Amino acid sequence: MEISLREIDKDTLHDANKCDAAFTVDSKLVLRAEDGVIHYSVVSVAVYRKQYVFETKDYSVYISNPDKIVYFAYADGHLAGQINITKHWNAYAWIDDFTVDARFRRRGIGRAMMQKAVNWAKEKNLPGIMLETQDVNVPACRFYEKFGFTLRGFDTHLYKGLTPSTDEIALYWYLIF
């Protein structure tokens with residue numbers, strides 16, 4: 001399988017948010033903090049399917065913008081992933097969307113996109129990368145940790161504005177250069 005990464009431009013703009021980001025939830029992280037360090041264990045939960053709903057935004061503002069970028073991944077010419085990166089207010093690179101299409105997971109596409117994000121952030125002389133995911137996205141958490149990210153924060157109420165009954169916890173991961 002040939003993987004190629006391409007920066008958003010007028011020819012790829014139509015690929016924004018076209019990946020299947022759904023995944024099966026069968027476990028979640030249980031957090032504990034000791035001496036200022038966040039630790040976790042993984043517990044099983046009743047199985048369900050989670051589908052992200054992407055916000056509608058004008059992706060044309062990412063084209064040729066020095067403070068933000070979108071990369072698309074293609075596998076043998078098929079759209080396989082998307083990563084959106086911005087220079088965040090705190091000088092870190094912020095990954096606000098990171099998706100590998102369900103058909104192409106576990107084939108190195110996520111690693112290739114994340115390495116592209118690292119290269120972009122380093123070219124901008126940023127101190128590292130931060131991102132947010134949920135405690136129920138255990139495969140993503142394991143990927144980030146394996147890549148070198150550390151869990152540095154969480155928010156138990158971030159999603160309650162959208163879904164008051166949710167018990168999902170927002171997790172903040174950092175990769176410091």
Would you check if Gly153 is over 20 Å from Ala93 (Cα atoms) and either part of a loop (DSSP other than H, G, I, E, B) or modelled with pLDDT of 95 or more (or both)? no
Could you tell me whether the stretch 79-92 includes any residue that is touching a residue at least 60 places away in the same chain (Cβ under 8 Å), crowded, with 18+ Cβ neighbours inside 10 Å, outside any strand (DSSP E or B) and under 20 Å from the mean Cα position of the chain (by Cα)? yes
Mind listing whichever residues of the stretch 158-172 are out of contact with any strand residue (DSSP E or B) (no Cβ under 6 Å at 6 or more places or on another chain), surrounded by 13 or more Cβ atoms within 10 Å (Cβ to Cβ) and not basic (Lys, Arg)? Tyr159, Thr166
So, of the residues in the stretch 100-123 that are without any contact (Cβ under 8 Å) to a residue 40 or more places away in the chain and farther than 18 Å from Met1 by Cβ, which turns out to be least open to solvent (accessible area, probe 1.4 Å)? Asn119
Checking Val136 against (1) open to solvent by 20 Å² or more (accessible area, probe 1.4 Å); (2) touching an Asp or Glu at 6+ places or on another chain (Cβ under 9 Å); (3) farther than 21 Å from Thr86 by Cβ, which single condition isn't satisfied? (1)
Of the candidates Asp155, Asp97, Asp76, Asp67, the one satisfying the condition of being surrounded by 15 or more Cβ atoms within 10 Å (Cβ to Cβ) and either on the phi > 0 side of the Ramachandran plot or among the acidic types (Asp, Glu) (or both) is Asp97
Among the residues of the stretch 25-64, which ones are of a type in the set (Ser, Thr, Tyr), open to solvent by less than 80 Å² (accessible area, probe 1.4 Å) and either in contact with a Leu (Cβ under 8 Å, 6 or more places away or on another chain) or not in a strand (DSSP E or B) (or both)? Tyr40, Ser41, Tyr52, Tyr59, Ser60, Tyr62
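The values are calculated or read from the model by the stated rules, or taken from the named source; none is laboratory data. Because the structure is predicted, anything quoted here is derived from the model rather than measured. Glycine gets a Cβ as well: all are built from the backbone with ideal geometry, and neighbour counts include every protein chain shown. Areas reflect the complete protein model, heavy atoms only, side chains present, ligands, DNA and RNA absent. Shrake-Rupley method; radii C 1.70, N 1.55, O 1.52, S 1.80 Å.
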